[in-house]
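Let me begin by presenting the structure, written as structure tokens, before commenting on it.
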Amino acid sequence: MSTVIEQPVEARLVAAAPRMPSIPATLHYDRRDPFAVRMTFPAPATLEGVEVCWTFARELLAAGLKGPEGHGDVRVRPYGYDRTVLEFHAPEGTAVVHILSGDVRRFLEATSELVPVGLEHLQLDLDHDLAELMRDAC
């Protein structure tokens, strides 16, 4: 069984101009990091011309489907029934994108099939991780 889920999504960049251009993005989940999801934007879609990846809690993404969530660098909220807004805050500025809520729901369902919500801790190998930390500390 695969340990990774990747789902391409179409993100609509919210800008000052009335037209909202579509940009490709990918939602990514890896059972080796069971509490986190990543959203990656390819280099051509970013101002810097390099791939940009944001990592945030799977729980944040799920809760953001129902109401405004997040107080840090990533914030998620519903926008009507069919869209979800993700805000990415960085020192350089803020990017706001809309994605289809149905895409988010399908992604979260797939992640829950791979690692059920509430059982993420069973994927962690704390002994191995602690040994790696100690090895690097010496």
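The values are calculated or read from the model by the stated rules, or taken from the named source; none is laboratory data. From a predicted model like this one, the values you see are computed outputs, not experimental measurements. In this analysis, Cβ positions are derived from the backbone assuming ideal geometry, glycine residues included, and neighbour counts consider all displayed protein chains. Note: areas computed on protein heavy atoms with side chains; ligands, DNA, RNA excluded. Shrake-Rupley method; radii C 1.70, N 1.55, O 1.52, S 1.80 Å.
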Within the range 54-66, how many residues are without any contact (Cβ under 8 Å) to a residue 24 or more places away in the chain and either open to solvent by 50 Å² or more (accessible area, probe 1.4 Å) or charged (D, E, K, R) (or both)? 2
For Pro24: the one exception among (1) open to solvent by 60 Å² or more (accessible area, probe 1.4 Å); (2) touching a helix residue (DSSP H, G or I) at 6+ places or on another chain (Cβ under 9 Å); (3) farther than 24 Å from Ala110 by Cα: (3)
Residue list for the range 27-53, filter: under 8 Å from the mean Cα position of the chain (by Cα) and open to solvent by 80 Å² or more (accessible area, probe 1.4 Å): Arg38
Elements of type strands (runs of 3 or more DSSP E) in the range 69-118, at least 3 residues being touching a helix residue (DSSP H, G or I) at 6+ places or on another chain (Cβ under 7 Å): 74-79
Between a residue in the range 104-118 that is open to solvent by 60 Å² or more (accessible area, probe 1.4 Å) and any residue that is among the hydrophobic types (A, V, I, L, M, F, W, C), which pairs come within a Cβ distance under 8 Å, given they are 6 or more apart or on different chains? Arg105/Leu65; Val117/Ala62
Within the range 67-94, take every residue that is open to solvent by less than 40 Å² (accessible area, probe 1.4 Å), farther than 19 Å from Arg106 by Cα and over 12 Å from the mean Cα position of the chain (by Cα) and give me the one that is modelled with the highest pLDDT. Gly70
